[in-house]
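Undergrad: Before we start, here is the structure in question, set down as structure tokens.
The values are calculated or read from the model by the stated rules, or taken from the named source; none is laboratory data. These figures come from a predicted structure and were not determined experimentally. Quick reminder, even Gly has a Cβ in these numbers, built from the backbone with ideal geometry, and neighbours come from all protein chains shown. Quick note on the areas: whole protein, heavy atoms, side chains included, nothing else; ligands and nucleic acids left out. Shrake-Rupley method; radii C 1.70, N 1.55, O 1.52, S 1.80 Å.
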Amino acid sequence: SIIKNSNFKGATFKNCNFEYAIFEKTQISINILYENSPQRENTKSYFARNLRTNFQQLGDSRNVNRAILIELEATREHLKKICYDRSSHYRDKYKGWLRIKGFKDYYTFIFFDLIWGNGESLGKLIRTFIVLVLLMVAVAMVLPQAFITLGRTRVLGQSMVTLGLGSIMFVMGLT
């Protein structure tokens with residue numbers, strides 16, 4: 001069901017099933033995510049994403065960020081269950097290529113969480129930047145000739161080192 005242009009400010013919901021509810025421009029407390037989220041991770045992720053979109057429509061950035069964190073955690077758990085859960089639901093639904101895709105999606109999710117917190121962790125992003133710079137310094141100390149060669153190689157009038165560092169700084173600036 002679609003709940004649109006409504007005001008539930010101050011309302012509480014007990015044991016309500018919002019599993020497939022869609023909220024649009026609706027004033028509602030973030031507590032609905034904590035108290036009435038669906039149990040299954042895939043629908044919980046969908047529910048959190050929908051509420052995040054709703055909060056974005058209202059300009060409520062604080063609750064957008066809270067919803068994103070719940071969405072990311074539910075997504076992580078769902079992808080993990082696709083890979084490792086022994087229940088018949090996951091074994092029957094995710095077979096063959098779907099299970100292989102689940103492994104790819106799960107480990108891609110984990111990788112991006114490690115690198116930059118899936119866009120929600122400035123600390124992880126800074127840590128990754130520092131590790132990359134230290135790694136480049138270590139490689140330059142061990143293999144200085146490689147950096148000298150890269151420094152002499154020009155692409156679009158710029159050295160490869162300049163382009164590499166510029167690309168890293170550009171990507172870091174986008175996040």
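Undergrad: Within segment 103-155, how many residues are assigned to a strand (DSSP E or B) and either touching a residue at least 60 places away in the same chain (Cβ under 8 Å) or surrounded by 11 or more Cβ atoms within 10 Å (Cβ to Cβ) (or both)?
TA: Let us first name the residues in segment 103-155 that are assigned to a strand (DSSP E or B), namely 154-155.
Okay, now just the ones that are also either touching a residue at least 60 places away in the same chain (Cβ under 8 Å) or surrounded by 11 or more Cβ atoms within 10 Å (Cβ to Cβ) (or both), so 154.
Number of matching residues: 1.
Undergrad: Just one of the numbered conditions (1) outside any loop (DSSP other than H, G, I, E, B); (2) farther than 18 Å from Gly119 by Cβ is not true of Thr12; which one?
TA: (1)
Undergrad: Let me ask something additional. Within segment 67-102, which residues are among the charged types (D, E, K, R), surrounded by 14 or more Cβ atoms within 10 Å (Cβ to Cβ) and modelled with pLDDT of 95 or more? Can you show your working first?
TA: At the first step, the residues of segment 67-102 found to be among the charged types (D, E, K, R) are 71, 73, 76-77, 80-81, 85-86, 91-93, 95, 99, 101.
Pick out the ones that are also surrounded by 14 or more Cβ atoms within 10 Å (Cβ to Cβ) and you get 71, 73, 76-77, 80-81, 85, 99.
Correct list: Glu71, Glu73, Arg76, Glu77, Lys80, Lys81.
Undergrad: Let me ask something else. When the residues of segment 3-59 are narrowed to those that are within 27 Å of Gly102 (Cβ to Cβ) and basic (Lys, Arg), which ends up least open to solvent (accessible area, probe 1.4 Å)?
TA: Arg52
This table checks each residue for (1) among the aromatic types (Phe, Trp, Tyr); (2) part of a helix (DSSP H, G or I); (3) closer than 30 Å to Lys81 by Cβ.
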position	(1), (2), (3)
Ile3	no, no, yes
Cys16	no, no, yes
Tyr20	yes, no, yes
Phe23	yes, no, yes
Leu33	no, yes, yes
Ser45	no, yes, yes
Asn50	no, yes, yes
Gln56	no, yes, yes
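Undergrad: What about Lys9, is it of a type in the set (D, E, K, R) and touching a helix residue (DSSP H, G or I) at 6+ places or on another chain (Cβ under 6 Å)?
TA: Details: of a type in the set (D, E, K, R): yes; touching a helix residue (DSSP H, G or I) at 6+ places or on another chain (Cβ under 6 Å): no.
For Lys9, the condition - of a type in the set (D, E, K, R) and touching a helix residue (DSSP H, G or I) at 6+ places or on another chain (Cβ under 6 Å) - is not met.
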